1. Got the relative contact order for the stretch 1-120 handy, in percent, Cα pairs under 8 Å and 6 or more residues apart?
2. Using +1 on the beta carbon of Lys and Arg, -1 on that of Asp and Glu, and nothing else charged, what's the dipole of the stretch 76-131 about the Cα centre, debye to 20?
3. Compute the FRET efficiency between Glu99 and Leu24 as 1/(1 + (r/R0)^6), taking r as their Cβ-Cβ distance and R0 = 35 Å, and round to the nearest 0.05.
4. Convert each backbone phi in the stretch 6-18 into a coupling constant with the Karplus relation 6.51 cos²θ - 1.76 cosθ + 1.60 (shift: θ = phi - 60°), then list the ³J(HN,Hα) values in order as whole Hz, x for Gly and Pro.
5. Using the Karplus equation 6.51 cos²θ - 1.76 cosθ + 1.60 (θ = phi - 60°), what ³J(HN,Hα) coupling, rounded to whole Hz, does each residue of the stretch 101-111 give in order, writing x for Gly and Pro?
6. If you take P(r) over Cα pairs in 10 Å bins from 0, in percent from the coordinates, which of [x] 11, 35, 27, 11, 7, 5, 2, 0; [y] 12, 39, 27, 12, 7, 3, 0; [z] 13, 37, 36, 12, 2, 0 do you get?
7. Can you give me the % of accessible surface on the stretch 1-86 that is carbon or sulfur? Probe 1.4 Å, all protein chains present, nothing else counted.
8. Using a 1.4 angstrom probe, figure out how much accessible area the stretch 88-131 has per residue, in square angstrom, rounded to the nearest whole.
Amino acid sequence: HPRSGYAEELRLQALIASEHGRALTAEETDWAAIAGHYGTLEALTGSAVVRLNRAVAVAQVEGPEAGLDLLEGLDPLLPTNHRVASVRGELARRAGDVELARSSYLTALGLCTNEVERAHLRARLDALAES
């Protein structure tokens with residue numbers, strides 16, 4: 001039988017998807033609602049991936065530094081997942097921390113095996129070098 005809280009997890013995931021689906025652009029997205037749903041989902045599940053997603057949503061509402069704060073401690077929980085470093089790179093870039101952005105993108109490149117995502121990360125690195 002499904003574990004306790006599973007229906008609530010699904011409901012929260014549906015609410016998050018609904019918020020994304022309702023907006024035509026990132027600017028129109030209700031990031032505060034999404035961050036709130038992710039906060040509830042994280043409290044329910046303790047999932048590191050949920051916290052990573054919450055960091056992205058929080059950064060949209062409160063700024064990149066708030067998102068970076070939420071990434072603290074995720075690297076050892078997701079040691080082979082390139083997305084933590086990739087998100088850190090993007091948020092650091094938005095915060096103006098070029099060195100952290102560069103090192104994070106390089107870390108992400110070292111972990112990423114998907115060539116499409118690797119090309120995106122290389123483009124981000126190239127854009128940093130041009131700025």
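1. 16 percent
2. 100 debye
3. Rounded to the nearest 0.05, the efficiency is 0.50.
4. Karplus-based 3J(HN,Hα) across the stretch 6-18 equals 4, 4, 5, 4, 5, 4, 5, 4, 5, 5, 5, 4, 5 Hz.
5. In residue order, the calculated couplings are 4, 4, 5, 5, 4, 5, 4, 4, 4, x, 9 Hz.
6. Here the calculated entry is [z].
7. Of all accessible area on the stretch 1-86, carbon and sulfur atoms account for 54 percent.
8. Each residue of the stretch 88-131 exposes 58 Å² on average to a 1.4 Å probe.
The values are calculated or read from the model by the stated rules, or taken from the named source; none is laboratory data. Small disclaimer: the values here were computed from a predicted structure and weren't measured. When we count neighbours, we look across all protein chains shown, and the Cβ atoms used for this are built from the backbone with ideal geometry, even at glycine. When the accessible area is computed, the model is the full protein with side chains, heavy atoms only, and any ligands, DNA or RNA have been set aside. Shrake-Rupley method; radii C 1.70, N 1.55, O 1.52, S 1.80 Å.
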